[in-house]
Amino acid sequence: MSGMSRRRREQRTQRIERTVEYEEKRNNGLKGLNGLVSMEAGGFTFREEQSDQSDSPLYLRGRNTMTKLIYADLTYTLRGTFFKVYCDLKGAGISEASWEEALCTVWQAQNIPFRRQPAYEIDYKDHHLALFYPDLIAYDKILVELKAIDALCPLNRAQIISCLKVTDLKLGLLVNFGGGDIEIERVPNFLGQRFATERPAPISVRDDLLYPELTYAIQGALFEVHSTLGPGFIHYVYRRASETELQLCRIPVQRKQEIAISFRGRVLETVPCRLLIVDDKVAVAAVAFREITEVHRQRLRRYLKLLNLRLGLLANFYPASLQITLVRV
């Protein structure tokens, strides 16, 4: 190898190492590069892939191990485009859609192949649920999810992991243009290597409460749905998946799409309620809200009265951990 080629290779390796060092400082979910690298998100722990290919610039040297960087050259190029767009538009206060439009303009100018909001099917245990549209896919290899918020949080990382599961891509880049500085996080798809942490404990169901065995079985089905899909999807996806899981568990379930609102014996209007009625006893509302409020609880309580039911479960799939609220009348 000539001296020029060796110097170029060393410079390239140094650029990659500086890039990763910056990313690791920005990524609170990663624990370091000495030894095993781990990340926690969505109730699961993911381990970085190890390798003994010490001569490759695509690997970082730890104290005793080597950690593989997925698509290092491609992500280095993409990072440059993120910084270019951010420097040109910093402080503009534009929406996520506008950041996406600007980034696509740069990628077109640099001949970076990409797909914008391609359609993917969301399946649950061989049952089709809906179509899913990620933000961007670059080089047909890297999922790019854009945000325009104050700061990234663990939920954003859990959401992109769910996106990686649907697209079956090996790497995701989570980019936030909305904070005081740009945030870029690498999220490898290690779903095949994941090992579940302890499942959150179901709500305590005493024997003297209504339908204790049925309530416990419903909660188990809801936890299975959240564990399989993860956060990041809309209400409809979780509602269909919950219905499918209950059917697989041989628990009777039917949809209730709308309900009539009456006043003094007169029907005012028919409104959508989108509930699952389980065994003609329990109403399940599968939702994906940032926060469950008293308004949501009151609405479910009203529906229970109109349906002549006494127990409802409000299951919120939005957080990284499933939240279930019991509602009684």
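The values are calculated or read from the model by the stated rules, or taken from the named source; none is laboratory data. Predicted, not measured: the structure shown is a model, and the values here were computed from it. Methodologically, a virtual Cβ is constructed for each residue, glycine included, from the backbone with ideal geometry; neighbour enumeration extends over all protein chains shown.
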Could you say whether any residue in region 100-120 is modelled with pLDDT of 95 or more and acidic (Asp, Glu)?
yes
Among the residues of region 122-136, is any within 17 Å of residue 189 (Cβ to Cβ), in contact (Cβ under 8 Å) with a residue 40 or more places away in the chain, of a type outside the set (D, E, K, R) and not in a loop (DSSP other than H, G, I, E, B)?
yes
Would region 121-136 turn up any residue that is more than 26 Å from residue 225 (Cα to Cα) and exposed (fewer than 11 other Cβ atoms within 10 Å of the Cβ)?
no
Odd one out for residue 247 among (1) at pLDDT 95 or above; (2) more than 20 Å from residue 321 (Cβ to Cβ); (3) in the same structural domain as residue 148 (by TED's automatic domain parsing):
(3)
Checked 75, 81 against criteria (modelled with pLDDT of 90 or more, part of a helix (DSSP H, G or I), over 16 Å from residue 160 (Cβ atoms) and in the same structural domain as residue 165 (by TED's automatic domain parsing)); the one match is 81
Mind listing whichever residues of region 276-314 are within 22 Å of residue 157 (Cβ to Cβ) and touching a His at 6+ places or on another chain (Cβ under 8 Å)?
287, 288, 289
Only one of 174, 143, 129, 136 is touching a strand residue (DSSP E or B) at 6+ places or on another chain (Cβ under 9 Å), at pLDDT 90 or above, assigned by TED's automatic domain parsing to the domain that holds residue 75 and over 24 Å from residue 317 (Cβ atoms), namely 136
Output the number of the condition that residue 111 fails; it satisfies all remaining conditions of (1) in contact with a Leu (Cβ under 8 Å, 6 or more places away or on another chain); (2) polar (S, T, N, Q); (3) on the phi > 0 side of the Ramachandran plot.
(1)
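Which of the residues spanning region 84-98 are closer than 14 Å to residue 144 by Cα and in contact (Cβ under 8 Å) with a residue 40 or more places away in the chain? Lay out the reasoning, then the answer.
Keep residues of region 84-98 that are closer than 14 Å to residue 144 by Cα, which gives 96-97.
96, the sole residue that qualifies.
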The condition of being more than 30 Å from residue 131 (Cβ to Cβ), touching a strand residue (DSSP E or B) at 6+ places or on another chain (Cβ under 8 Å) and either surrounded by 16 or more Cβ atoms within 10 Å (Cβ to Cβ) or at pLDDT 95 or above (or both) holds, among 297, 239, only for 297
Just a yes or no: is a residue in region 260-280 loosely packed, with under 13 Cβ neighbours inside 10 Å, within 30 Å of residue 134 (Cα to Cα) and modelled with pLDDT of 90 or more?
yes
